[in-house]
Amino acid sequence: LASQFRHKVALINWKNKFILNPCFASECGPLANIFASTGEAEQQVIKIDVKSRKGPMDFVHCLRSALMQYCETEGLEQAIGMGGVFQILSGSIKAHIMPDFCNERLAVNEGDVQRWLRFYEATPKKALTALSYFVTHDPTPNQQLGLRFEHSHFFEEHPEHFEGGCGGHYHYDTTPETIHYVGYYVVAKHLFRVSQP
């Protein structure tokens, strides 16, 4: 089964160097946000091609915000979720990689997590490719599903950034004047929550 998947994992090795490695595991870690698609031709795909950022929101949050406004205007209680891929063709982005799991408890509200994560800026050689999903809102009363509303991870295979290429979690672009995004998204039909946090 693992040979059917082409995974990438961005990590920090024992020399404290960022690396991008192939990953052949068929399992995931304690947190996974997964969008699954059959890739059938009859699925409608939305293409988004934008250059330069005018406001404070990142690319994915702009898309989610637009759908949230649509849901509010139309009075929809049903959540809308989308998943797909986008590329950063020019400009730079803020990214992070998680180091090894910490033995100490990290307090989110006190900034421990932000200090623990390893942030860096990534610039594409050809294109950074991000796998992405977002959902407008938690459709359950009191947000019982405990959803992460948007998440995107990216990679590019080349040796210039660090060994094997670069990758990690996408936060936002840092060059609003020169950023260029091209994305392809599909509307989700179902939302599943496998286990509560």
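Overview of results
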| quantity | calculated |
| --- | --- |
| When each of LYS47/LYS94; LYS17/LYS126; LYS8/LYS125; LYS51/LYS189; LYS51/LYS126; LYS17/LYS54 is checked by Cα-Cα distance, pairs over 25 Å | LYS51/LYS189; LYS17/LYS54 |
| Which of GLN69, SER90, PRO56, positive extreme of dipole for region 53-113 (C-beta unit charges) | SER90 |
| Charge context of TRP116, other residues only, Cβ under 12 angstrom, K/R +1, D/E -1 | -1 |
| Highest-fluctuation residue, GLU74, GLU156, GLU40 considered, GNM on the chain with Cα pairs under 10 Å | GLU40 |
| Charge-dipole axis of region 1-159 as Lys and Arg at +1 and Asp and Glu at -1 on Cβ define it, positive-most pick from PRO22, LEU106, PRO124 | PRO124 |
| Nearby aspartates and glutamates by direct alpha-carbon distance to LYS15 (threshold 16 angstrom, same-chain neighbours under 8 apart not counted) | ASP100, GLU163 |
| Lys, Arg +1 and Asp, Glu -1 on Cβ, resulting dipole of region 1-142 about Cα centre, debye, nearest 20 | 940 debye |
| Computed FRET value (nearest 0.05) for LYS51 with ASN103, which takes r as the C-beta separation and R₀ as 41 Å | 0.40 |
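Computed from the coordinates by the stated procedures, all read-outs in this text should not be read as laboratory data. This one's a predicted model, so the numbers in the text were calculated from it and none came from an experiment. Note that each Cβ is placed from the backbone with ideal geometry, even for glycine, and that neighbours are counted across all protein chains shown.
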